[in-house]
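Okay, so here's the structure we're looking at.
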Ligand code: BES
Ligand code: MN
Ligand code: MN
């Protein structure tokens, strides 16, 4: 029998080539101009699962983009692993900042990836990480050592809030029943130090609109005499944090879980170098909520950030104008116990209440989801840790991530199953940014580690 290490060595070029083909399809879910490509990607994923040897694969239609569902049942009495991933990607813009086109994948080396990384939108988030599961499954089928049942659920709307997936999960509990959910859509500390994500933040995403005069005005004739919606919006946004960078929305922190000093001391053990952190981002200093360190600010603390702000004249040269309207998109990252719908209400009420007379304000909720934490004494966590320990030579460290995968909390609610987040990306892989990439080392290590998760999960389930 071929070991997974040998199998990866013998097939690595094909694994890379296949991923590159998948990355060429611009499956941007946020932009309707790419809808044909998104659908084409679902078909490519279906074919890849069939080729890997999955008994049954189907494309499930939804009110939005389709979900690829696959199932390989070897024995009803054995455990079932449900693999979740997403085939949609973030928009590529600003496109001019890419050093190579986002949908023409190329391999380049970086300081962190001396053996090369695939540069393309979606390489790490999440096509590359999702495809590791297809290839790990291919190995287990080809070598006749798949130890349990597997289901695949690969969606195409993760980057826009997974609306159709919620719809699908609520209607298909039986079909999706499983013993554990396995996801590779997060990161790890470094290529020398694996980690397992034990927490995700929740999210509330809103858009705000401030309206002043009924048309754009001459800023000389009217300036100073009417409210300028952009000035007002900037002031309102600035007031959402106090001088300690605490969020000022009444009730915002009411349900926030405060970690014990022991838990915080445990977190502080994860390797972190502030100088390198600053250097990687070309920052002269860090910034954030008083009383917390960087690794806490971006994981166990809730935040509020403007993601985009616009209005008025932004073209070439100068135009003297007071805009009729100003807009912003705002995200709040939430921690466990904060309910995203409640937070959206608190935000709306507060934002409307701070609007000065002279303007009207509208808040439009976009999407959101609950945060998630998972215990480290579960069979799934232990199996993942055993798998990482074997392939990296050191045990994994549990880490709470600042990112969100809102569907994970829904899986627990609807399917009553825990999720194990085995991520292989690095923070420096630039997901959602120009020049996203995924290390060849990480891709192949992922393929090598996943079958060991299956093996240990089944052993520990006995
Ligand atoms: N894969 C990411 C989430 C992630 C990345 C979690 C790294 C932890 C570490 C996912 O695709 C994502 O981008 N999620 C969105 C939320 C979604 C509702 C748009 C996010 O976190 O902004
Ligand atoms: Mn993702
Ligand atoms: Mn993403």
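The values are calculated or read from the model by the stated rules, or taken from the named source; none is laboratory data. The structure presented is a predicted model; accordingly, all values stated were derived computationally and were not measured. All Cβ positions, even for glycine, are placed from backbone atoms using ideal geometry, and neighbour counts span all protein chains on display.
What do you reckon, is residue 99 exposed (fewer than 15 other Cβ atoms within 10 Å of the Cβ), free of Cβ contacts under 8 Å to residues at least 24 places away in the same chain and closer than 23 Å to residue 21 by Cβ? Spelling it out, it is not the case that residue 99 is exposed (fewer than 15 other Cβ atoms within 10 Å of the Cβ), free of Cβ contacts under 8 Å to residues at least 24 places away in the same chain and closer than 23 Å to residue 21 by Cβ. Taken together, the residues in segment 12-56 that are under 24 Å from residue 119 (Cβ atoms), touching a residue at least 60 places away in the same chain (Cβ under 8 Å) and either outside the structural domain of residue 120 (by TED's automatic domain parsing) or assigned to a helix (DSSP H, G or I) (or both) amount to 13. For residue 302, the conditions (1) surrounded by fewer than 15 Cβ atoms within 10 Å (Cβ to Cβ); (2) more than 27 Å from residue 231 (Cβ to Cβ); (3) modelled with pLDDT of 95 or more all hold with the exception of (1). Within segment 425-436, the set of residues being away from ligand 1 (no atom under 11 Å from the Cβ) and closer than 21 Å to residue 271 by Cβ comprises 428, 430.
Would you point out the residue of segment 58-76, among those that are closer than 25 Å to residue 418 by Cβ, in contact with a helix residue (DSSP H, G or I) (Cβ under 9 Å, 6 or more places away or on another chain) and not in a loop (DSSP other than H, G, I, E, B), that is farthest from ligand 3 (Cβ to nearest atom)?
Of everything passing the filter in segment 58-76, 72 is farthest from ligand 3 (Cβ to nearest atom).
Only one of the numbered conditions (1) surrounded by fewer than 21 Cβ atoms within 10 Å (Cβ to Cβ); (2) within 30 Å of residue 437 (Cβ to Cβ) is not met by residue 184, and that is (1). Checking 376, 450, 405 one by one, the residue that is over 30 Å from residue 239 (Cβ atoms) and surrounded by fewer than 17 Cβ atoms within 10 Å (Cβ to Cβ) is 376 and no other.
With respect to the stated conditions, residue 354 fails to be over 17 Å from residue 257 (Cβ atoms), crowded, with 18+ Cβ neighbours inside 10 Å and touching a helix residue (DSSP H, G or I) at 6+ places or on another chain (Cβ under 9 Å). Yes or no: residue 175 under 30 Å from residue 450 (Cβ atoms), more than 16 Å from ligand 1 (Cβ to nearest atom), in contact (Cβ under 8 Å) with a residue 12 or more places away in the chain and surrounded by fewer than 22 Cβ atoms within 10 Å (Cβ to Cβ)? For residue 175, the condition - under 30 Å from residue 450 (Cβ atoms), more than 16 Å from ligand 1 (Cβ to nearest atom), in contact (Cβ under 8 Å) with a residue 12 or more places away in the chain and surrounded by fewer than 22 Cβ atoms within 10 Å (Cβ to Cβ) - is met. Evaluation of residue 132 against the conditions (1) more than 16 Å from ligand 2 (Cβ to nearest atom); (2) under 13 Å from residue 440 (Cβ atoms) shows that the sole unmet condition is (1).
Determine if segment 424-436 includes at least one residue that is over 22 Å from residue 86 (Cβ atoms) and assigned by TED's automatic domain parsing to the domain that holds residue 394. Looking through segment 424-436, none of the residues is over 22 Å from residue 86 (Cβ atoms) and assigned by TED's automatic domain parsing to the domain that holds residue 394.
If you go through segment 194-219 and keep only what is surrounded by fewer than 23 Cβ atoms within 10 Å (Cβ to Cβ) and either more than 16 Å from ligand 1 (Cβ to nearest atom) or more than 24 Å from the chain's Cα centre (by Cα) (or both), you end up with 209, 211, 213, 214, 215, 216, 217, 218, 219. Among the residues examined, residue 438 qualifies as buried (at least 17 other Cβ atoms within 10 Å of the Cβ), under 22 Å from the mean Cα position of the chain (by Cα) and within 16 Å of ligand 3 (Cβ to nearest atom). Does any residue of segment 19-37 turn out to be more than 23 Å from the chain's Cα centre (by Cα) and under 20 Å from residue 129 (Cβ atoms)? Taking every residue of segment 19-37 in turn, none turns out to be more than 23 Å from the chain's Cα centre (by Cα) and under 20 Å from residue 129 (Cβ atoms). For segment 321-336, state whether one or more residues are in the same structural domain as residue 217 (by TED's automatic domain parsing), at pLDDT below 95 and touching a strand residue (DSSP E or B) at 6+ places or on another chain (Cβ under 9 Å). Checked against the condition, which is being in the same structural domain as residue 217 (by TED's automatic domain parsing), at pLDDT below 95 and touching a strand residue (DSSP E or B) at 6+ places or on another chain (Cβ under 9 Å), segment 321-336 yields at least one hit. Taken over segment 77-97, the criterion of being assigned to a loop (DSSP other than H, G, I, E, B) and touching a strand residue (DSSP E or B) at 6+ places or on another chain (Cβ under 8 Å) is satisfied by 78, 79, 87, 88, 90, 91, 92. Considering every residue within segment 144-165, establish whether at least one is surrounded by fewer than 16 Cβ atoms within 10 Å (Cβ to Cβ), assigned by TED's automatic domain parsing to the domain that holds residue 71 and more than 16 Å from ligand 2 (Cβ to nearest atom). Yes, there is a match, as at least one residue in segment 144-165 is surrounded by fewer than 16 Cβ atoms within 10 Å (Cβ to Cβ), assigned by TED's automatic domain parsing to the domain that holds residue 71 and more than 16 Å from ligand 2 (Cβ to nearest atom).
Answer yes or no: is there a residue in segment 328-340 that is surrounded by 19 or more Cβ atoms within 10 Å (Cβ to Cβ) and over 30 Å from residue 374 (Cα atoms). Taking every residue of segment 328-340 in turn, at least one turns out to be surrounded by 19 or more Cβ atoms within 10 Å (Cβ to Cβ) and over 30 Å from residue 374 (Cα atoms). Every listed requirement among (1) in the same structural domain as residue 418 (by TED's automatic domain parsing); (2) touching a strand residue (DSSP E or B) at 6+ places or on another chain (Cβ under 6 Å); (3) at pLDDT below 95 is met by residue 377 save one, (2). Looking across segment 404-430 at every residue that is out of contact with any helix residue (DSSP H, G or I) (no Cβ under 8 Å at 6 or more places or on another chain) and away from ligand 3 (no atom under 16 Å from the Cβ), the one that is nearest to residue 161 (Cα to Cα) is identified as 409.
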